[in-house]
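Chemist: Here you go, one structure.
The values are calculated or read from the model by the stated rules, or taken from the named source; none is laboratory data. Because the structure is predicted, anything quoted here is derived from the model rather than measured. Every residue, glycine among them, receives a Cβ derived from its backbone with ideal geometry; neighbour counts consider all protein chains shown.
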Amino acid sequence: MTPEELRTFCLSCNDAAEDFPFTPEISVFKVAGKMFALTALGARPLTVNLKCDPDLAVQLRAAHPEIVPGWHMNKRHWNTVTVDGTGGTLPARQLRELIEDSYDLVVAGLPRAQRLRLNRP
């Protein structure tokens, strides 16, 4: 997955927005003001921080060398995924699923009224 494909996919999530609260180089993708992905699109190797169920996070880290505890994040709830470069190659389909899972976890934590607004066409 290229940086532009990563950006496009994150923004394809319902009501997703890109923000730059830290530096102009760090893209933060949010839903309802809550972060679900964080990446430096110009960095090499390309990595992305994604929210993950804690039990699944441990399993993913054990199975994939390109998935490690979230850098500068709560390591119980966040993974850093290397999209390209060293450390293995995660299939694009699986990366998309991890992004969707991160988005879904954030949405699940929103107040009911916000969740309902997101589900409307």
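Results for (1) closer than 17 Å to PHE9 by Cα; (2) among the polar types (S, T, N, Q); (3) in contact with a strand residue (DSSP E or B) (Cβ under 7 Å, 6 or more places away or on another chain); (4) not in a helix (DSSP H, G or I), shown as yes or no for each residue.
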residue	(1), (2), (3), (4)
LEU50	yes, no, yes, yes
ASP55	no, no, no, no
VAL58	no, no, no, no
ASP84	yes, no, no, yes
ARG93	yes, no, no, no
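Chemist: Restricting to the stretch 106-121, name every residue that is among the aliphatic types (A, V, I, L, M) and surrounded by fewer than 17 Cβ atoms within 10 Å (Cβ to Cβ).
Modeler: ALA108, LEU110, ALA113, LEU116, LEU118
Chemist: Can you confirm whether VAL58 is touching a Phe, Trp or Tyr at 6+ places or on another chain (Cβ under 7 Å) and either over 17 Å from GLU4 (Cα atoms) or surrounded by fewer than 17 Cβ atoms within 10 Å (Cβ to Cβ) (or both)?
Modeler: So VAL58 does not fit the description; no.
Listed here are the residues, each with its yes/no results for (1) under 12 Å from PHE36 (Cα atoms); (2) modelled with pLDDT under 90.
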residue	(1), (2)
THR82	no, no
PRO91	no, yes
LEU105	yes, no
ALA108	yes, no
PRO111	no, no
ARG115	no, yes
ARG120	no, yes
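Chemist: Can you tell me how many residues in the stretch 29-46 are touching a Leu at 6+ places or on another chain (Cβ under 9 Å), of a type outside the set (Phe, Trp, Tyr) and within 18 Å of THR82 (Cα to Cα)?
Modeler: Within the stretch 29-46, residues that are touching a Leu at 6+ places or on another chain (Cβ under 9 Å), of a type outside the set (Phe, Trp, Tyr) and within 18 Å of THR82 (Cα to Cα) number 6.
Chemist: Here is a follow-up. With the condition kept exactly as written, say whether any residue in the stretch 64-79 is out of contact with any helix residue (DSSP H, G or I) (no Cβ under 6 Å at 6 or more places or on another chain), of a type in the set (Asp, Glu) and not in a helix (DSSP H, G or I).
Modeler: So far as the stretch 64-79 goes, yes, one or more of its residues are out of contact with any helix residue (DSSP H, G or I) (no Cβ under 6 Å at 6 or more places or on another chain), of a type in the set (Asp, Glu) and not in a helix (DSSP H, G or I).
Chemist: Looking at the stretch 6-25, which of its residues are more than 13 Å from the chain's Cα centre (by Cα) and either charged (D, E, K, R) or surrounded by 14 or more Cβ atoms within 10 Å (Cβ to Cβ) (or both)?
Modeler: ASP15, ASP19, GLU25
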